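Remarks on the structure that follows.
We did not get these values from a lab; they are worked out from the coordinates using the rules stated. Quick caveat: nothing in here was measured; it's all calculated off a predicted structure. Note that each Cβ is placed from the backbone with ideal geometry, even for glycine, and that neighbours are counted across all protein chains shown.
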Amino acid sequence: MSSHTPPLYRPEIDGLRSIAVLAVVLYHFGVSGLQGGFVGVDVFFVISGFLIGGLLWREGQGTGAISLKRFYMRRIKRLAPAYVSMAVTALFVGYVVLLPFEFREFGKSLIAATVYLSNVNFFREAGYFDSASEDKVLLHTWSLSVEEQFYIVLPILMVVLLRRPLGLRVVLWLSFWASLIACIWITQRSQPAAFYLFPFRAWELLAGVLLAIESQRRTLQEHSALSFAGLALVLGGILFIPAGAQFPGWHAIFPVLGTVLLIANGQHENIVNRSLRSPLPVGIGLISYSLYLWHWPVLTLSSYYRDGYAGGLEVVFWLSLSFLLAYLSWRFVERPFRRSTLPPWPTFGVAAFVSGALVAAGGLLFIKDGMIERFAPPLRTHIDASADFLQDWSRCTVPATGPFAGLETCPIGPEETPDILIWGDSHVRALKEGLELAAYEANAPALLIWRAGCAPVFGLTKDETSATPAQDNACTDANVKIEAALREDVFARVLLVGRWGYYSNGGGVGLDAGNLIAAEIAGMSGAQSEQISSGLGLTTGALQDLGSKVFVLSAIPEIPDYDSRKIARALAGHRLSSTQLDDAVQTPRSNVEARAMPLEKAFQKMAAQGITILDPAPYFCTDTHCSALHEGKAQYFDNNHIINAAALRIRSLFADVFTNGAAQ
């Protein structure tokens, strides 16, 4: 075959695509046994690199030139039409289904996906209060952005080094190893960066590119054992690689290597390749791009509207709809546009116009805050609450030196040296707006230190179901550093904030009852509630001995069955009666007091020793009930975190922290 001619069609690669897309789709739809189904994306990366890299190499070596204009025209015709049809459909369905906060975020992700920065957008969004992945309708476009960022760099690099093929191969090999090593290294330090960002995924695409180049330069050894080994690695990854903080890292090597072996040995006659070339896998492979595009919006929007699926039959229905839409997209959108004879410049013009329209639509949604006017006023308070939990943390830093070196510290109030420390868990974050305004009103600079799920208690170790082992260890390490820092740098006043009932009872309540935590205090034994009580008492006592005036905020009352997002969705979907709503937004005060009981004696003892206990219950409770509403306005984000408006309303509770004299 002349290098001037297009490559021969490889049906087994479409068969391999079917494995990749089915792994991803079935994993997302919750089919059991596929705990590593997400590695189908890694398989796609290698296939893409092999096909596109091989095409560019063949063109360059065969003609002595690479036409970037023709290359990007092909990319637009291949990818844009199906993406646009999916995005526009999701936009209209989202208008009907999504609440304003999620619809606003959809607008932002629509902009990012259209300009191929989706991966950067979702990387930047990763965080404690980030909305669940199931609410992000365009989350799956992160992988498309990684590919297109790669295909901005690769063709230009190949054009620059076109007349130096050896130099090009050396650069590609060095880039491959640098990206792989960086991926393994950064996964342990910032897993979201390793997962989403192009530099740490480039090695997977480069594996395919290098395979294409080396296979065109020389004949590669073929053997049926290589196909079996490749299939075993890919299927093993799909079945056994766990999701979480260790991926991609070195785990991604297995599906990538397996894909390389399958493609390299793909033209060998053996049962693996014959199976991959059979009609069903090839047919699924042909629609794999459309299936990947459509399945995630179908899943997210349907489960969002339905508040989860009723059972297996409903899963089958939505899964079948995904396949139907994928086929229609391939048959009537993908294939016709791909075969169109529209010249390059008109193609670029149409693409620019449509992209501009999508970006404008996304911008409008963001500027209009998701168009809350779509919903009736009684529903809006819960909608407002679901969006009122973001704060400005731009003043936070991680000092390189000093007592708090390596810890994130966040100044509030006037920009002066703080003599007030507020230390706690995620409830510090929830209270931040109120604390900050109180600091400004009292002209008293303060310092916030917080870590989710990490009680402000010296000597704490924990094992939390909603945290990774690394996060558990980071909590322990942070508390050790804070204790050492406070012995070196004494603050006049210290406020401790925590969800105390969570730590003393060993878990959440109501909607988050599945969040469990096992906590111990160094040098102590006995029941967890006793250790937390004693540990808190020793911590406050140690701070007093150092010369600080100590305050403790007894926990914000928990409203077990309240979640602003769930309530708003249920009301919007007419799935919640007035009685059910009343039950969800309030709880008997006796239940709140029962959750607090394990620490009640500890608080009484601390108060007797001069510790000031701040009680937020009067702001949220009557004599008989505690409520997520105040004067008809929602005050909570979920069942234990209050929103910014509530934090501002109760800031007078902290007046003594910011105005009450000097150290004891």
Leaving out same-chain residues fewer than 8 places away, which lysines sit with a Cα under 19 Å from that of Lys633? Lys566
What are the extents of the Cα atoms of segment 208-281 along their three principal axes, in Å, largest first? 39, 30, 20
Express the Stokes-Einstein translational diffusion coefficient of segment 529-618 in µm² s⁻¹, to the nearest whole number, given a Kirkwood radius over alpha-carbon pairs, 4 °C and a viscosity of 1.567 mPa s. 83
Shape metrics for segment 80-185, restricted to C-alpha atoms - Rg then Dmax, Å: 18.0, 56
Hey, how much of the P(r) for segment 389-539 falls beyond 23 Å, as a percent of Cα pairs? 37
Scattering curve values for segment 451-593, log₁₀ I(q)/I(0), Debye with Cα scatterers, q = 0.09, 0.14 Å⁻¹: -0.36, -0.75
Gyration tensor (Cα only) of the chain to equivalent ellipsoid, semi-axes in Å sorted down, yields 52, 28, 23
Cα centroid of segment 97-117 to Cα centroid of segment 436-494, whole Å: 34
Restricting things to Cα coordinates, could you compute the convex hull volume per residue of segment 439-485 in Å³? 88
Hey, what's the Cα Rg ratio for segment 563-664 versus the globular rule of thumb, 2.2 N^0.38 Å? 1.32
Over the Cα atoms of segment 1-153, each weighted equally, I'd like the Debye log10 I(q)/I(0) at q = 0.11, 0.13, 0.17 Å⁻¹, rounded to two decimals. -0.55, -0.75, -1.15
Go through the cysteines of the chain and tell me which have no other cysteine Cβ under 4.7 Å away. Cys183
Kirkwood Rh, segment 251-297, all Cα pairs: how many Å? 12.4
Cα coordinate range in segment 235-361, projected on the principal axes (Å, largest first): 44, 43, 33
Segment 1-84 - Debye-derived log10 I(q)/I(0), Cα point model, q = 0.16, 0.18, 0.25 Å⁻¹: -0.78, -0.90, -1.22
For segment 386-446, what is the relative contact order in percent, using Cα pairs closer than 8 Å and at least 6 residues apart in sequence? 35
For the chain, what is the relative contact order in percent, using Cα pairs closer than 8 Å and at least 6 residues apart in sequence? 15
Please list, short to long, the whole-number percent of alpha-carbon pairs of segment 342-395 in consecutive 10 angstrom bins beginning at zero. 19, 27, 24, 17, 11, 1
Computed on Cα atoms only, the convex hull of segment 485-562 has an orientation-averaged projected area in nm² of 6.0
Residue-averaged 222 nm ellipticity for the chain, from DSSP H runs of 4+ at -39500 (n - 2.57), nearest 500: -19000 deg cm²/dmol
Roughly what % of Cα-Cα distances in segment 469-522 sit above 16 Å, to the whole percent? 58
Expected vector for segment 301-314, Karplus 3J(HN,Hα) from phi with 6.51, -1.76, 1.60 and θ = phi - 60°, integer Hz, x for Gly and Pro, equals 6, 5, 5, 5, 5, 8, 6, x, 9, 6, x, x, 5, 5
Once the principal axes of the Cα atoms of segment 310-358 are found, what is the range along each, listed largest first in whole angstroms? 49, 24, 9
Just to verify a number: FRET efficiency for Leu220 and Arg163, C-beta to C-beta distance, R0 = 30 Å, to 0.05? 0.75
